[in-house]
Amino acid sequence: MKNFISKLFKKNREEESHGISTERDLEELLNTGVLAPFECIDVQAVHTGRVVMKLAAGDEVFAPSGEWMQVPGTVLYEITRERNHKLIKAHYNGTVEKVHTEFDGQFVEAGETLMTIKHPLKKKEVIEQLLKDVLFFFPAPETASYFFSVDVQRQVDRKGARVVTIEPGDEVLTMSLMKRDAPVYYDGEKGVIHSVYFKQGVTVERGEPLIGVCSHDKLPVIEKIITKVRADWYRSNR
Amino acid sequence: MVENCPTSKGVLDILQADIKLYPPLYEAEKICQFGEFVGSVIESHKTLPRAMEYGRNLINSTVESGKSFPSGMVILADSLSQSKGRFTRSWHAPIGGVWGCMVHANTLQPQSRSFIPFAVGVSCCEVVRGYGVADSSVRWVNDVLVRGMKLAGFLVEAYTEPTYGEEFTLVGFGININNSVFPAELNGLAVALCDILQKKIDLSQFTAHFLAKLACNFGILYHEENCELRGESLSGKDGVHLLLEKWLNLSDTVGQNVLYGFDVMSAPQYRAKVVGIDDSGGLRLQLEDGFEKIEYSGEVRYI
């Protein structure tokens, strides 16, 4: 069952490029009984250092929680470099699928896979995962708070984000870091703002997506994916 | 006749005199050299609609005419007719205050840029204390308060000019000096230096001292970045950023019970106790359930 969704994305991408509908892939997803699908997430070393595993295979893992996300996730491993200890915590909930025990107590390179977490996907996550193939994700340049620029916000307020077209070079967002406001210029493909992943006043980690943008011609495919997943999710949970 | 008109030479003289008072362990001369660009050009106006808007237009017209914009240029106005604070807040800027902005051609690394707001708050608080107001303090990030009332506020905005895409930082400042009459909604919330000291202040002299401190603190930003790039330890105690150390000495935020919000006035989010500041200036907050959270944006009000 290793990362079924990822395989599906790959298939979607290949077939999309040949002009084939995603309908069959979605049918495959829903007909194989993956109605509560999951994603296998590899946990990697954040930097070089000596690691101590804090979990074993089968252990349950919790994501950050609380109204303000103040309750940290489960500690996954400890890493020490030059007497600098760090406890690395989970961003997702799930179950530990595999722990690379051979690295326990050893010095590892940055990016080494230390464990794998089996994370159950919610309906919204399934949709977002499927959209990864169709949307361009514009990432946060720095860990900070973000809000739409005045012009974009005005258009969003008037018509909603999904009719706002943006193109490379547009000042789309403002980044607020330590009370320093800086414009953020869009550098992806021209399209409409389909998904918004930030909330005003909530810190977004560097590299996390801020918005998902898609070209006008892909909009019908996206709507089809969303409708299909929603309908089948509802049917399966009745 | 323009009232607030300090000179570049005056600013430089104060900077060079101030820097001699630094402890010998600080590389004071280097810091001074790094920061000398602040106030190298000063433009004083009787009135402007908004100093930062004027600064942006000046950047554009300078670059369009094929010239290089002088980094560190300071734009001052005796009064601002359309001044505003953060978000949609109004800012009262009549004759008697220090109103303006400093334009910095951004040559700092991203990790240093986030300390710019600290530099301007520290500079103002240092000058105010130099005038004898020992109980002035900085509230995270850079509001300067005296006895709980706001004496000064700052806006820091990045701007990318459209011709070549060069990035500038506009450091806007509003300091209540001789303007002791405030709109009714600010009564008890704002205060002017003349009311605390019970005397009129020489505006140009105060501004020259403020700009000299700003030059010194921008010098520290470059100096610390230089240390980091050379792989050396930062100059503050226990290797912390020197500017952060100065901020901690001037601030009363740590230990306070606060209300936090991105826009705390119109949308407060939660109550917490400030338990510290992290190495990059983030605010460490302990929520009522005992868990800790670090905020890198937003603002606080003491409760």
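Please treat every number below as a calculation from the coordinates, not as lab data. Predicted model, so just to flag it, every value in this text is computed and none were measured. Positions of Cβ are backbone-derived with ideal geometry, glycine not excepted, and every protein chain shown enters the neighbour counts.
Structural remarks
- Note on B:Lys246: lysines with a C-alpha under 22 Å away, same-chain residues under 8 apart excluded, are A:Lys179, B:Lys20, B:Lys30, B:Lys150, B:Lys213, B:Lys237, B:Lys273.
- Cβ crowding within 10 Å, taken as a proxy for footprinting-reagent exposure, orders B:His104, A:His100, A:His47 from fewest neighbours to most as A:His47, A:His100, B:His104.
- From least to most packed, judged by other beta carbons within 10 angstrom and beginning with the fewest, B:Asp202, A:Asp217 follow the order A:Asp217, B:Asp202.
- Simple label model, 7 Å out from Cα along Cβ direction - B:Val254 to A:Ala231, nm: 6.0 nm
- FRET efficiency, 1/(1 + (r/R0)^6) with R0 45 Å, evaluated for A:Val75 and B:Asn57 via beta carbons: 0.30
- Which of B:Asp278, A:Asp104 has the fewest Cβ neighbours within 10 Å, and the rest in rising order: B:Asp278, A:Asp104
- Separation of region B:233-283 from region B:13-85 is 26 Å, based on Cα centroids.
- Computed P(r) (all Cα pairs; chain B; 20 Å bins; percent): 34, 60, 6
- Chain B, helix-only ellipticity at 222 nm - DSSP H runs n ≥ 4, -39,500 (n - 2.57), divided by all residues, nearest 500: -9500 deg cm²/dmol
- For A:Ser145, the shell of other residues with beta-carbons less than 13 Å away shows a net charge of -2, using +1 for Lys and Arg and -1 for Asp and Glu.
- Theoretical FRET efficiency, 1/(1+(r/R0)^6), r = Cβ-Cβ of A:Val163 and A:Arg83, R0 41 Å, to 0.05: 0.15
- Candidate aspartates and glutamates for bridging to B:Lys293, where Cα separation is under 13 Å - those fewer than 8 sequence places away on the same chain excluded: A:Glu67, B:Asp278
- Calculated FRET efficiency for the pair A:Val150/B:Glu288, C-beta based, R₀ 30 Å, to 0.05: 0.30
- Relative compactness, region B:154-302, computed as alpha-carbon Rg over 2.2 N^0.38 Å: 1.27
- All other residues whose Cβ lies under 14 angstrom from that of B:Ile75 are scored, Lys and Arg at +1 and Asp and Glu at -1, for a net of -1.
- Label separation (B:Asn187 vs B:Glu29): 5.6 nm, computed from points 7 Å beyond Cα along the C-beta direction.
- Under 5 Å, built H, 5+ apart or other chain: amide partners of B:Trp91: B:Lys84, B:Gly85
- Over the C-alpha atoms of the protein assembly as shown, the Rg to Rh ratio, Rh being the Kirkwood estimate, stands at 1.02.
- Projecting the Cα atoms of B:Ile277, B:Val181, B:Gln16 onto the charge dipole of chain B, computed from C-beta unit charges around the Cα centre, puts B:Val181 farthest toward the positive end.
- Among the DSSP helices (H) of chain B, those spanning at least 30 angstrom by Cα along their long axis with an average Kyte-Doolittle hydropathy of -0.5 or more are B:203-229; this is a geometric and hydropathy rule only.
- Average beta-carbon neighbours from other chains, 10 Å sphere, peptide B:292-299: 6
- Around B:His104: net Lys/Arg minus Asp/Glu count, Cβ-Cβ under 14 Å: -3
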